[in-house]
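A short worksheet on the structure shown next.
The values are calculated or read from the model by the stated rules, or taken from the named source; none is laboratory data. This one's a predicted model, so the numbers in the text were calculated from it and none came from an experiment. Every residue, glycine as well, gets a Cβ built from its backbone with ideal geometry; the counts of neighbours run over all protein chains shown. Surface areas here come from the heavy atoms of the whole protein model, side chains and all, with no ligands, DNA or RNA. Shrake-Rupley method; radii C 1.70, N 1.55, O 1.52, S 1.80 Å.
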Amino acid sequence: MKIAVLPGDGIGTEIVAEAVKVLRALDLQIEMEEAKVGGAAYEAHGHPLPESTLKLAKQADAVLFGAVGDWKYDKLERSLRPEQAILGLRKHLELFANFRPAICYEELTHASSLKPELVAGLDILIIRELTGDIYFGQPRGRRSAPDGAFAGQPEAFDTMRYSRPEIERIAHVAFQAARKRGKKVTSVDKANVLETFQFWKDVVTEVHTQYPDVELEHMYVDNAAMQLVKAPKKFDVLFTGNMFGDILSDEAAMLTGSIGMLPSASLNARGQGLYEPSHGSAPDIAGQGVANPLATILSAAMMLRFSLNQPEAAERIDRAVKSVLAQGLRTADIYSDGTTKVGTKEMGDAVVARLKAQD
Ligand code: IPM
Ligand code: MG
């Protein structure tokens, strides 16, 4: 088993170090090779996703990714900005299936911005299509408006598009995932306005005929945004396209108390995957040793489960995380009165200590 370790920028390096520590504590035969990505790679090699980093990622069974981005790169031309690294990895490795679980841990029910009774026991799985939609659709760019009331004026444009096979393959992923859980898929679209999402809805409905045991519901994205804060527990698998998934997954993250708790997996058809926390590089707290490493540690658990076929080891990490929370240890983002505030490294050490205690 070989994993590519790409810490990236900001808190990325701090949290990935803790996840690596946890992986090493499992005593599995995992080869790990580290490379630069994002702003760090731009500084070192002049590009956010250097050829050598991409090659390492392609060769590995899985990629453990931290986070990329810093305000200081905002003025670079788009192709050199740190975000292009993660978009490039998704595209080049064909990581079309993004899993973003939003689970509210019992101990953190009060850290949510919603009333505890709305989020207690929350367990949603967001499945986001990750390599299509307006994120990657061509053409895009700037030009002089060819027509309309503002013809001749400068304008910018992007293209929203989805092909039938792209929708079909992610719909299968969603239905199969639902089969292993609450057997309900909510497909989120904007079919009332967008051609792309009427097509999405039609194709999803067709694929659903192969999954009669799974309930399918369609919901407009604006309503989904509202239902997520009104009655989030009604969702089981929330399934949607790239852009809506980006937005709704941040919203769902907040329900759980902190985005610092949420792991994610992005898979291709070969089972190769990229595993990263759902949060970003948080340059405002970088270097202070206060970031929550649990989302990255839980992402490592997803990696063991989905790409490395080590479900027991994954289970051990999940249990160790629950147990440090039960012990009352909290990083600043999930801290509340009566709990013990710890830093990034102490949190990682505590997870390792719980793992050792399981032996
Ligand atoms: C995410 C992030 C990325 C996205 C950015 C960093 C390109 O927000 O993974 O949700 O928009 O997909
Ligand atoms: Mg996002």
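Of all residues in the range 107-127, which are under 17 Å from residue 184 (Cβ atoms) and either part of a strand (DSSP E or B) or among the small types (Gly, Ala, Ser) (or both)?
121, 123, 124, 125, 126, 127
Filter the range 175-219 down to residues that are in contact with a strand residue (DSSP E or B) (Cβ under 8 Å, 6 or more places away or on another chain), surrounded by 15 or more Cβ atoms within 10 Å (Cβ to Cβ) and in a helix (DSSP H, G or I), then give me how many there are.
8
Show me the strands (runs of 3 or more DSSP E) found entirely inside the range 220-317 where at least 1 residues are more than 24 Å from residue 89 (Cβ to Cβ).
237-240
Please enumerate the residues belonging to the range 237-257 that are open to solvent by 30 Å² or more (accessible area, probe 1.4 Å), within 13 Å of ligand 1 (Cβ to nearest atom) and more than 10 Å from the chain's Cα centre (by Cα).
First, the residues of the range 237-257 that are open to solvent by 30 Å² or more (accessible area, probe 1.4 Å): 243, 246-247, 250-251, 254.
Still in the running and within 13 Å of ligand 1 (Cβ to nearest atom): 243, 246-247, 250-251.
Passing the criteria: 243, 247, 251.
Among (1) within 27 Å of residue 269 (Cβ to Cβ); (2) surrounded by fewer than 16 Cβ atoms within 10 Å (Cβ to Cβ), which single condition is residue 154 missing?
Result: residue 154 fails condition (1) only.
If the Cβ limit is 8 Å and pairs must be 6+ apart or interchain, which residue in the range 89-113 that is within 24 Å of residue 239 (Cβ to Cβ) and more than 16 Å from ligand 1 (Cβ to nearest atom) pairs with which residue that is of a type in the set (Asp, Glu) and not in a helix (DSSP H, G or I)?
From residues that are within 24 Å of residue 239 (Cβ to Cβ) and more than 16 Å from ligand 1 (Cβ to nearest atom), the pairs are 103/123; 104/123.
Do any strands (runs of 3 or more DSSP E) entirely within the range 19-103 hold 1 or more residues that are assigned by TED's automatic domain parsing to the domain that holds residue 123 and not charged (D, E, K, R), and if so, which?
Working: elements: 31-34, 62-67, 97-103.
Result: 97-103.
In this structure, does residue 292 turn out to be touching a Phe, Trp or Tyr at 6+ places or on another chain (Cβ under 7 Å) and more than 16 Å from ligand 2 (Cβ to nearest atom)?
Against the criterion (touching a Phe, Trp or Tyr at 6+ places or on another chain (Cβ under 7 Å) and more than 16 Å from ligand 2 (Cβ to nearest atom)), residue 292 does not qualify.
So which residues in the range 244-267 are of a type in the set (A, V, I, L, M), within 10 Å of ligand 2 (Cβ to nearest atom) and modelled with pLDDT under 95?
253, 259
Yes/no matrix, rows are residues, columns are (1) in contact (Cβ under 8 Å) with a residue 60 or more places away in the chain; (2) away from ligand 1 (no atom under 16 Å from the Cβ); (3) buried (at least 22 other Cβ atoms within 10 Å of the Cβ):
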position: 275; (1), (2), (3): yes, no, yes
position: 286; (1), (2), (3): yes, no, no
position: 292; (1), (2), (3): yes, yes, yes
position: 305; (1), (2), (3): no, yes, no
position: 309; (1), (2), (3): no, yes, no
position: 319; (1), (2), (3): no, yes, no
position: 323; (1), (2), (3): no, yes, no
position: 340; (1), (2), (3): no, yes, no
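Given the structure, is residue 265 within 14 Å of ligand 1 (Cβ to nearest atom) and among the hydrophobic types (A, V, I, L, M, F, W, C)?
It is true that residue 265 is within 14 Å of ligand 1 (Cβ to nearest atom) and among the hydrophobic types (A, V, I, L, M, F, W, C).
For the range 125-140, how many residues are away from ligand 2 (no atom under 16 Å from the Cβ), open to solvent by less than 70 Å² (accessible area, probe 1.4 Å) and touching a strand residue (DSSP E or B) at 6+ places or on another chain (Cβ under 7 Å)?
Number of matching residues: 1.
Find all pairs meeting these conditions: Cβ atoms under 6 angstrom apart; at least six residues apart or on different chains; first residue within the range 213-242 and in the same structural domain as residue 188 (by TED's automatic domain parsing); second residue open to solvent by 50 Å² or more (accessible area, probe 1.4 Å) and of a type in the set (Ser, Thr, Tyr).
Pairs found: 242/135.
Go through the range 258-270 and give me each residue that's open to solvent by 30 Å² or more (accessible area, probe 1.4 Å) and more than 13 Å from the chain's Cα centre (by Cα).
Answer for the range 258-270, where residues must be open to solvent by 30 Å² or more (accessible area, probe 1.4 Å) and more than 13 Å from the chain's Cα centre (by Cα): 269, 270.
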